[in-house]
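Below you'll find the structure, written out as structure tokens, and then a few comments.
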Amino acid sequence: MPDVTAERRSALRHAMILAAEVIELPRGTKLNARTADISRTGCYIDTLNPIPQGSDVRVRFTHGEETFVASARVIYLSYGLGMGLAYTKVEEEQLARLDRWFADTGPEF
């Protein structure tokens, strides 16, 4: 029997609560929420009203005076709880910014 709890993520997650703006493309529907955890490849967004699975979105996270911006896709939903996003396009300087933020946080999981 396969191990259904096996970790499938390719990057370590960091428990970070960040202000998040998620814009559904191409409709432009804007959602203000927060992250629960974040990595170099995606994140989990806490929200009562997630955007439909498979939707393309643009995300913006705020940490202090800095922002992180990326294109992403909604990979999975937890109705009434949130949604998991996988980044589809991230500029190198944005990843470097994330790495700086991670260096300031506690251990990853």
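The values are calculated or read from the model by the stated rules, or taken from the named source; none is laboratory data. In this text, all values refer to a predicted model and were calculated from it rather than measured experimentally. Note that each Cβ is placed from the backbone with ideal geometry, even for glycine, and that neighbours are counted across all protein chains shown.
The table for this structure:
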{"read-out": "Which numbered condition residue 40 misses (of (1) charged (D, E, K, R); (2) without any contact (Cβ under 8 Å) to a residue 24 or more places away in the chain; (3) touching a strand residue (DSSP E or B) at 6+ places or on another chain (Cβ under 9 Å))", "value": "(2)"}
{"read-out": "Filter pass, residue 54 being surrounded by fewer than 19 Cβ atoms within 10 Å (Cβ to Cβ), at positive phi and in contact with a strand residue (DSSP E or B) (Cβ under 7 Å, 6 or more places away or on another chain)", "value": "yes"}
{"read-out": "Selection within the stretch 88-106 - touching a Leu at 6+ places or on another chain (Cβ under 9 Å) and closer than 15 Å to residue 13 by Cβ", "value": "101, 102"}
{"read-out": "Qualifying residue in the stretch 84-95 (condition: of a type in the set (A, V, I, L, M), part of a loop (DSSP other than H, G, I, E, B) and at pLDDT 95 or above)", "value": "yes"}
{"read-out": "Condition met for residue 68 (of a type outside the set (Lys, Arg) and touching a helix residue (DSSP H, G or I) at 6+ places or on another chain (Cβ under 8 Å))", "value": "yes"}
{"read-out": "Among (1) farther than 15 Å from residue 18 by Cα; (2) outside any strand (DSSP E or B), the one test that residue 76 misses", "value": "(2)"}
{"read-out": "Residue 35 being without any contact (Cβ under 8 Å) to a residue 40 or more places away in the chain, within 20 Å of residue 15 (Cβ to Cβ) and crowded, with 20+ Cβ neighbours inside 10 Å", "value": "yes"}
{"read-out": "Residue ID - nearest to residue 93 (Cα to Cα), chosen from residues in the stretch 24-73 that are among the hydrophobic types (A, V, I, L, M, F, W, C) and outside any strand (DSSP E or B)", "value": "51"}
